[in-house]
Structures are given as structure tokens and as C-alpha cells.
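Trainee: Let me give you the structure first, and then I'll get to my questions.
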Amino acid sequence: MSRRSLSILAGGVLALVLAIVAVATLNLSPGGKSGGGTGTADIGGAFTLVGEDGETVTEADFRGKPTAIFFGFTFCPDVCPTTLFELSGLIEALGPDADKLNYAFVSVDWERDGPEDLARYTSSFDDRIKGLSGTQEQIESVTQAYRVYYKKVPTAEGEYTIDHTASVYLMDADGGFVGTLSYGEAHDSMLEKLKRLAANG
């Protein structure tokens, strides 16, 4: 094959790769509602988890009201307590509108976090934030549905910590994805998003 032919072939392969990357990036961008078509991500879906009382909880238990849902773990040193503390402040700032929303904290640490652990942990925050845990299979299923990144990271002490997505996911009353509260986002910005979510359902 001539050098010119090889050059043309290489250019075609590169263009194909770039096109695939562009499509993947477009389909994974977290904007709009779940299943909303071009440029939106399918975030959310069916799940089965365990509530703080040990009872089974599914996505159906959250339907009818919008939901703010956060994924983390009780041994988290900073991101999780900071996020749940801020969320508690936002709930208070919402006033009566706060009861128009659901709030959930899902632990991705199935080895250490069970229902009682979640109950103790969430007791430090607004009591409307409900802790959810599950088996490895259940947690892998819900994190895949919500496109949540998490990875166990060994520590020098022989234990482990977990890197994970730090955003709070905002879902409408039908379980459709509508946006996020970003870690470190300004209080007023987050409050405005929750007000719109409560108003629009």
C-alpha cells in the first residue's frame, strides 16, 4: 500500500474515532431529563435498596414528589458531611416548600454501611434526609442507573476510603433527571434550583 493510501486510511480512522467520542460525550452530558433525547443523559431508573428501618425501598416510594439524592458513605471525611450539612441548611431555607421534596442519601459502601449505620449517620442532619443502603449488587445497579462514579481506594492504615461523585442529583416527580447541585456551588444558586424543583414538580 502506498504512503498516500496509508495517510488517507489513518485520517479516516482518526475521523471515525473523533466522531465516536463526540457522540459518547453528547449522550453522557448531564443536561435535561432522563430519556429526553439528543444531548441528554438517561440518569435514574428502577432500584431496590434498604431503608434505615430495614424495610425495602424502591424508586416507586419516591414518585409523586421531586427528589434530591446524594451518593456517598458514612466514613467519608469531608465531602459527604459537608454536602449533607449544606443540604440540611437548604431544607431549612426552603421553609414550607421543603416538604414538597424527598431527600435521600445512598451509601455506596455496602461492606460497612447498613440500615443502623445510616440511621445513626443521618441523625446528625435534617431528619427529612433518609439513608439508604444495599448489597453490592443493589448498589452497583443503582449507581449504574444514576451514572454515579465510585471507587474503593486503599489507605496506608490498611483500611479503605471511596472516591465518588460529589453532586446531588435532582429528579422530578416522575423520576426524570433535571439537574444537579454541585459540590462547592453557591448557597443561593442551590436554593434557587430547589425552589424551582419544588414549584415545578
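Trainee: So, in the range 83-98, of the ones that are of a type outside the set (A, V, I, L, M, F, W, C) and surrounded by fewer than 21 Cβ atoms within 10 Å (Cβ to Cβ), which residue ends up nearest to ASP127 (Cα to Cα)? Please lay out each step first, then the result.
Mentor: Taking the range 83-98 first, the residues of a type outside the set (A, V, I, L, M, F, W, C) are 83, 86, 88-89, 92, 95-97.
The next check asks that each one be surrounded by fewer than 21 Cβ atoms within 10 Å (Cβ to Cβ); those that pass are 86, 88-89, 92, 95-97.
Values: GLU86: 14, SER88: 9, GLY89: 12, GLU92: 11, GLY95: 14, PRO96: 15, ASP97: 15 Å.
Ranking the candidates gives SER88 first.
Trainee: Another one. Give me the residue from the range 160-170 that is in contact (Cβ under 8 Å) with a residue 40 or more places away in the chain and in a strand (DSSP E or B) and, out of that set, farthest from ILE129 (Cα to Cα).
Mentor: Taking the candidates together, the pick is THR161.
Trainee: For the range 66-82, name all the residues that are surrounded by 15 or more Cβ atoms within 10 Å (Cβ to Cβ) and either touching an Asp or Glu at 6+ places or on another chain (Cβ under 6 Å) or not in a helix (DSSP H, G or I) (or both).
Mentor: Within the range 66-82, PRO66, THR67, ALA68, ILE69, PHE70, PHE71, GLY72, PHE73, THR74, PHE75, CYS76 qualify.
Trainee: Could you grab me the full set of residues in the range 171-192 that are in a helix (DSSP H, G or I) and either under 15 Å from the mean Cα position of the chain (by Cα) or more than 29 Å from ALA46 (Cβ to Cβ) (or both)? It would help to see each step written out before you state the result.
Mentor: Of the range 171-192, the ones in a helix (DSSP H, G or I) are 187-192.
HIS187, ASP188, SER189, LEU191, GLU192 - these are the residues of the range 171-192 that are in a helix (DSSP H, G or I) and either under 15 Å from the mean Cα position of the chain (by Cα) or more than 29 Å from ALA46 (Cβ to Cβ) (or both).
Trainee: If you don't mind, another one. Take the conditions out of contact with any Leu (no Cβ under 9 Å at 6 or more places or on another chain) and surrounded by 17 or more Cβ atoms within 10 Å (Cβ to Cβ) and apply them to VAL108. Does it pass?
Mentor: Against the criterion (out of contact with any Leu (no Cβ under 9 Å at 6 or more places or on another chain) and surrounded by 17 or more Cβ atoms within 10 Å (Cβ to Cβ)), VAL108 qualifies.
Trainee: Which residue out of GLY64, GLY72, GLY89 is over 16 Å from MET190 (Cβ atoms) and over 14 Å from the mean Cα position of the chain (by Cα)? It would help to see each step written out before you state the result.
Mentor: Details: GLY72 fails: over 14 Å from the mean Cα position of the chain (by Cα); GLY89 fails: over 16 Å from MET190 (Cβ atoms).
After applying the criteria, what remains is GLY64.
Conditions tested, residue by residue: (1) part of a loop (DSSP other than H, G, I, E, B); (2) free of Cβ contacts under 8 Å to residues at least 24 places away in the same chain.
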position: GLY64; (1), (2): yes, no
position: LEU84; (1), (2): no, no
position: LEU90; (1), (2): no, no
position: ASP109; (1), (2): yes, no
position: ILE139; (1), (2): no, no
position: VAL142; (1), (2): no, no
position: LYS151; (1), (2): no, yes
position: GLY158; (1), (2): yes, yes
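Trainee: So ARG128 ticks every box in (1) closer than 26 Å to GLY54 by Cα; (2) in contact (Cβ under 8 Å) with a residue 40 or more places away in the chain; (3) surrounded by 14 or more Cβ atoms within 10 Å (Cβ to Cβ) but one. Which box is left unticked?
Mentor: Just one mismatch for ARG128, condition (2).
Trainee: Using the structure shown, decide if LEU170 is within 12 Å of ALA68 (Cα to Cα) and surrounded by 20 or more Cβ atoms within 10 Å (Cβ to Cβ).
Mentor: On the way: within 12 Å of ALA68 (Cα to Cα): yes; surrounded by 20 or more Cβ atoms within 10 Å (Cβ to Cβ): yes.
It is true that LEU170 is within 12 Å of ALA68 (Cα to Cα) and surrounded by 20 or more Cβ atoms within 10 Å (Cβ to Cβ).
Trainee: Which one is surrounded by the fewest Cβ atoms within 10 Å (Cβ to Cβ) among residues in the range 42-61 that are among the hydrophobic types (A, V, I, L, M, F, W, C) and within 15 Å of the chain's Cα centre (by Cα)? Walk me through how you get there before you give the answer.
Mentor: Of all residues in the range 42-61, those among the hydrophobic types (A, V, I, L, M, F, W, C) come to 43, 46-47, 49-50, 57, 60.
Within this subset, residues satisfying the condition of being within 15 Å of the chain's Cα centre (by Cα) are 43, 46-47, 49.
Numbers: ILE43: 24, ALA46: 11, PHE47: 21, LEU49: 22.
Here the answer is ALA46.
Trainee: Name the pairs: first residue in the range 179-192 and at negative phi, second residue assigned to a helix (DSSP H, G or I), Cβ to Cβ under 6 Å, at least 6 apart or on different chains?
Mentor: Going by the 6 Å Cβ cut-off, the qualifying pairs are LEU181/MET190; MET190/LEU90; LEU191/LEU90; LEU191/ALA93.
FYI, it's all coordinate maths here, none of it is from the lab. Owing to the predicted nature of the structure, the values given are computational and were not obtained by experimental measurement. All Cβ positions, even for glycine, are placed from backbone atoms using ideal geometry, and neighbour counts span all protein chains on display.
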